[in-house]
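Just so it is clear, none of the values below were taken in a lab; they were calculated from the coordinates. Note that the structure is a prediction, hence the values are computed from the model and not measured. Virtual Cβ from ideal backbone geometry, glycine too; neighbours counted across all protein chains shown.
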There are 2 protein chains.
Amino acid sequence: MTAKTTLGIFGLGTVGTGVVTLLGDNPQFEIRAIAVRDRAKPRDIDLSSFEVTGDPFKLADDPKIEILVEVAGGVDPAYQVIKRAITNGKHIVTANKELIAKHGPELFDLANRHNVTIFFEAAVGGGIPLISTLHRGLQANRISRVAGIVNGTTNYILTKMEREQKSFAEALGEAQAAGYAEADPTDDVEGRDVAYKIAILSSLAFQAPIEVEKVYRQGITAISDLDIKLAAEFGYRIKMIGLAQPGVGDSGVSLDVRVHPMLVPRHHPLAGIEGVNNAIFIKGSAVGEIMLYGPGAGRFPTASAVVGDIINLASAIKLPDFARYFQLPISSQVSDIFPIGETTNAYYIRLDTEDSPGVIGNLGHAFGEHGVSLHSVLQKHVADDAATIVLLTHQVKEKQAQAALAEISAQPTTRQIGVVLRVLS
Amino acid sequence: MTAKTTLGIFGLGTVGTGVVTLLGDNPQFEIRAIAVRDRAKPRDIDLSSFEVTGDPFKLADDPKIEILVEVAGGVDPAYQVIKRAITNGKHIVTANKELIAKHGPELFDLANRHNVTIFFEAAVGGGIPLISTLHRGLQANRISRVAGIVNGTTNYILTKMEREQKSFAEALGEAQAAGYAEADPTDDVEGRDVAYKIAILSSLAFQAPIEVEKVYRQGITAISDLDIKLAAEFGYRIKMIGLAQPGVGDSGVSLDVRVHPMLVPRHHPLAGIEGVNNAIFIKGSAVGEIMLYGPGAGRFPTASAVVGDIINLASAIKLPDFARYFQLPISSQVSDIFPIGETTNAYYIRLDTEDSPGVIGNLGHAFGEHGVSLHSVLQKHVADDAATIVLLTHQVKEKQAQAALAEISAQPTTRQIGVVLRVLS
């Protein structure tokens, strides 16, 4: 009979409740204490057998706790609580994407100095074993791209829009009604959630952290059902993508990390991912292209990853000097982010224009002048004097495309630029 | 400057050459010796800087080798060489599916007793990190199903048949011409290769070995382009599947492990896997459904997994007493295989019959008598007096379906039973 591994659990929302349920009466573990924000709040589980506190720092200071499990979310107070726990020699299991994206390198460094370990499999992709795959599974590879559908809410909305010809607003409303979107959906639909996750994946794939606040983001709010229909006609599906790859054409250490909807070719593995599912596509120098797929959120998928981390950590703890085996090879030097203007993409552009003879000529002139070559042009008469024009360009530097669009925007025949989307190649 | 980890490499075919190339001049490793079957054979790589031997046992006996990397394949002499190496205290990295499927439990047990470790990520799914996912990524789950497309050759053939309306023979010929199928394709098209791989995945998912020779196998040679077309009309794609799940309705420890083509519903994640790619679908009690996808074979994808194992093992070796961290929780007690007759499936059945009024009545009578209920019946007039009838049944026990088919086979209006396929539900 080996001694039980002792846990302190900070946070008892959706994921925390799942964790306590999954641990159940697993004889390997003892939950020493649970810290919650509101002790009076009714819960799905019976807490009578646990010590419950309102002060998470008590967990960080309790010498009888070996592993602090942080499932509270947000930076404050998780950041301070975890730093205190590490300083007190505790190992950490966390599901906190925002915290790891913003303060990961500092926390990993602190953990290394205190010879403890931070596991965070649940921070990205719910129960999909991503972190361990990037850390341990692809060691023989130089990674050349990580591209993920890592936000279930936006994928649910885009799937609804495509399958049921809904508008963005209608699909968002249904996502909210189904519990897949928050009352304030900004973090999801504007790409902030994706930015945290791709920042974490990028730091593992390229072994250098980035500043997540500097990641370029474009949301999905301007996408119309017409865009989804026309993209399909061109052979694509529109997906919200977090992308990380080495910046091309830059001599220093620079990572092209960005978050925006993309037109994904119909036969690309990412094109088939529907509903609230997540998938992460990885391109490695030796392995080629692999993809990991599964539910990206939810109580039990996420708790599956948290409890998996707890079990792995508990078995590792029994080894002498094991912590360095799990040290992440992430440089402490922050990598520059490759400027969005320097990235090369093909573009899908939807414009509202006057329906007059000179329009296509004006557009062609502006694109030609800035070196943007067109792949397809599709004109749709929408009213007596109005047309919608959709263009697909060949690969070109973002700044050239933007310069052409600025010129087009100023043309008298242009009413408005509806949406500009990049194409995954 | 830490000491180099010393390797002996047994086998220098496609994968071995990839391994030596990927290790390149990695300063972490020293290849002490390479054992090959035929020293005179011309190779893609320069071997002048390596010690090359024809005797793999020399590697197993060399006290200066820490890790034996076995990429020779086959049971003989790999089995004896690896046993000797383990007894001599060496760690093992192997890509050998047949060896692990047939002798895994014995070798793991021997390794545990000698406090060494066997890594075999490359044995299933090429470069897709599968073994580590099942071993470490899903610890919090009870697995209820593993279903995989784990043979690139058969998936390539079935994809060709579907996309280009080729016959089995034509598609096989093209697979051979493209180097995706052997001159003797039996191991692939009859499911033996899949059986090795699903036996390994099953032992990890359910923590008990099975006897791979007892796994039920059905090949893909009887599948016609008509079957693929009709399956599509019913909403399915035909895929060669290795399946492992707990045997239902059985009180003892019994695993339902089998290899056969299946009708996969069009929206199931496995339905979209095309060409030589592999994918493994896993259903866990907490995580739900996840899938891992990628190239299942080939020089560099497989070498990616082998070298990944080598790198992980080399970093683990530096820890005191690390081997038990990697011990697989596989029971030494062999699990019974759930009898195929007791499994429950829906069936796709194609029959050649006389084109006479009583035929459907005869069929209906035979199915009804054995409790087989029909979901769809499709009759196709093929010649003056001949018809092809395709039936889709509801879920029923295999032995009932087989009893009905035996009766139908004996009916005077039946010319032959063309193919019987199971449906993935």
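For segment A:351-416 versus segment B:113-149, the inter-centroid distance based on Cα atoms is 52 Å. Take the Cβ-Cβ distance between B:Glu369 and B:Glu51 as r, set R0 to 45 Å, and report the resulting FRET efficiency rounded to the nearest 0.05. Calculated transfer efficiency: 0.05. Across the options B:Thr221, B:Ser203, B:Phe234, the greatest Cα extent toward the positive end of the charge dipole of segment B:195-234 (unit charges at beta carbon of Lys, Arg, Asp, Glu) belongs to B:Ser203. A simple charge model with +1 on the Cβ of Lys and Arg, -1 on the Cβ of Asp and Glu and nothing else charged puts the dipole of segment A:334-383 at about 180 debye relative to its Cα centre. Comment: the Cα-to-Cβ extended label point of A:Lys58, at 7 Å, lies 6.8 nm from its counterparts in the other copies, nearest first. Binning the C-alpha pair distances of chain A at 10 Å intervals from 0 yields a P(r) profile of 4, 21, 28, 23, 13, 7, 3, 1, 0 %, listed from the shortest bin outward. Taken residue by residue and averaged, Cβ atoms of other chains lying within 10 Å of the Cβ of B:16-23 number 1. Contact order for segment B:139-294, expressed relative to its length and based on alpha carbon pairs under 8 Å spaced 6+ residues apart, stands at 36 percent.
The base-10 log of I(q)/I(0) for the protein assembly as shown, evaluated at q = 0.04, 0.06 Å⁻¹, reads -0.20, -0.44 [Debye formula, identical scatterers on Cα atoms, solvent excluded]. Along the charge dipole of segment A:81-124, pointing to its positive end and built from +1/-1 on Cβ of Lys, Arg, Asp and Glu, which listed residue (A:Asn115, A:Ala95, A:Val81) has its Cα farthest out? The listed residue farthest towards the positive side: A:Val81.
Among the residues of A:264-277, the average count of other protein chain beta-carbon atoms within 10 Å of the residue beta-carbon is 2.
Rounded to the nearest Hz, the phi-derived 3J(HN,Hα) couplings of segment B:280-290 under the Karplus curve 6.51 cos²θ - 1.76 cosθ + 1.60 (θ = phi - 60°) are 10, 9, 10, 10, x, 4, 9, 6, x, 10, 10, where x marks glycine and proline. Across chain A, C-alpha contacts under 8 Å between residues 6 or more apart give a mean separation that, scaled by the residue count, equals a relative contact order of 16 percent. Of the two radii for segment B:190-250, the radius of gyration is 1.07 times the Kirkwood radius, both from the alpha carbons; that is the Rg over Rh value.
Debye-formula intensities of segment B:1-96, expressed as log10 I(q)/I(0) at q = 0.10, 0.14, 0.19 Å⁻¹, are -0.23, -0.45, -0.84 (one equal scatterer per alpha-carbon, no solvent). Neighbours of A:Tyr348 by Cβ distance under 9 Å: Lys/Arg scored +1, Asp/Glu scored -1, total +1.
For segment A:241-376, the Kirkwood estimate of the hydrodynamic radius, built from every pair of different alpha carbons, is 20.2 Å. Rounded to the nearest 20 debye, the dipole magnitude of segment B:344-423 is 380 debye, with +1 charges on Lys and Arg beta carbons, -1 on Asp and Glu beta carbons, and the Cα centre as origin. In the structure shown, the pairs A:Lys4/A:Lys318; B:Lys58/B:Lys318; A:Lys102/A:Lys397; B:Lys229/B:Lys380 are assessed against 19 Å; a Cα-Cα span above that value is assigned to B:Lys58/B:Lys318; A:Lys102/A:Lys397.
Taking a ≥ b ≥ c as the square roots of the eigenvalues of the Cα gyration tensor of segment A:132-258, is the shape rounded (a/c under 1.5), prolate (a/b larger than b/c) or oblate? Judged from the Cα gyration tensor, segment A:132-258 comes out prolate (a/c at least 1.5, a/b above b/c). Once a ≥ b ≥ c are taken as the square roots of the eigenvalues of the Cα gyration tensor of segment A:300-395, is the result rounded (a/c under 1.5), prolate (a/b larger than b/c) or oblate (a/b not larger than b/c)? Prolate is the answer for segment A:300-395, as a/c is 1.5 or above and a/b outweighs b/c.
Cross-link partners for A:Lys239 among the aspartates and glutamates, with Cα-Cα distance under 12 Å and sequence neighbours closer than 8 places in the same chain left out: A:Glu162, A:Asp227, A:Glu274. For the listed peptides B:41-54, B:147-160, B:100-113, a ranking on the average number of other beta carbons within 10 Å per residue, highest first, reads B:147-160, B:100-113, B:41-54.
Between A:Gly249, A:Gly284, A:Gly18, the residue with the greatest mean-square fluctuation in the GNM of chain A (Cα pairs under 10 Å linked by springs) is A:Gly249.
Residues whose amide H falls under 5 Å from that of B:Ser254, counting only those 5 or more places apart or on a different chain, are B:Gly247, with hydrogens built in the peptide plane. Each copy carries a label point for A:Val377 at 7 Å from Cα toward Cβ; from one copy, the others' points are 6.0 nm away, ordered from shortest. Cross-link partners of B:Lys41 among aspartates and glutamates, defined as those whose alpha carbon lies under 18 angstrom from its own and excluding same-chain residues fewer than eight positions apart: B:Glu51, B:Asp55.
Once you reduce segment B:57-107 and segment B:180-237 to the center of their Cα atoms, the two points are 27 Å from each other.
Relative to the longest principal Cα axis of chain A, at what angle does helix A:168-177 sit, 0 to 90 degrees, rounded to 10? Value to nearest ten degrees: 20.
The residue list A:Thr6, B:Pro246, B:Thr153 was ranked by how far each Cα lies along the charge dipole of the protein assembly as shown toward its positive end, using unit charges on Cβ atoms, and A:Thr6 comes out on top. Charges were assigned to the Cβ only: +1 to each Lys and Arg, -1 to each Asp and Glu. The resulting dipole of the protein assembly as shown about its Cα centre is roughly 1620 debye. Note on segment A:66-166: Cα-Cα pairs beyond 16 Å make up 64% of the total pair count.
Shown for A:Gln80: label points 7 Å from Cα along the beta-carbon vector, and their distances to the equivalent points in the other copies, 6.9 nm in ascending order. Dividing the helix sum by the residues of chain B, where each DSSP H run of 4 or more adds -39500 (n - 2.57), gives a mean residue ellipticity at 222 nm of -10000 deg cm²/dmol. With the cut-off at under 15 Å, measuring from each backbone N in segment B:328-360 to a point 7 Å along the Cα-to-Cβ line of B:Arg145 picks out B:343-347. Debye-formula intensities of segment A:343-423, expressed as log10 I(q)/I(0) at q = 0.18, 0.22, 0.23, 0.25 Å⁻¹, are -0.65, -0.97, -1.06, -1.25 (one equal scatterer per alpha-carbon, no solvent). Shown here are the Rg and Dmax of the Cα trace of segment B:148-221, at 13.7, 41 Å.
Remark: mean inter-chain Cβ contacts per residue of B:318-325 equal 5, using a 10 Å Cβ-Cβ cutoff to other protein chain atoms.
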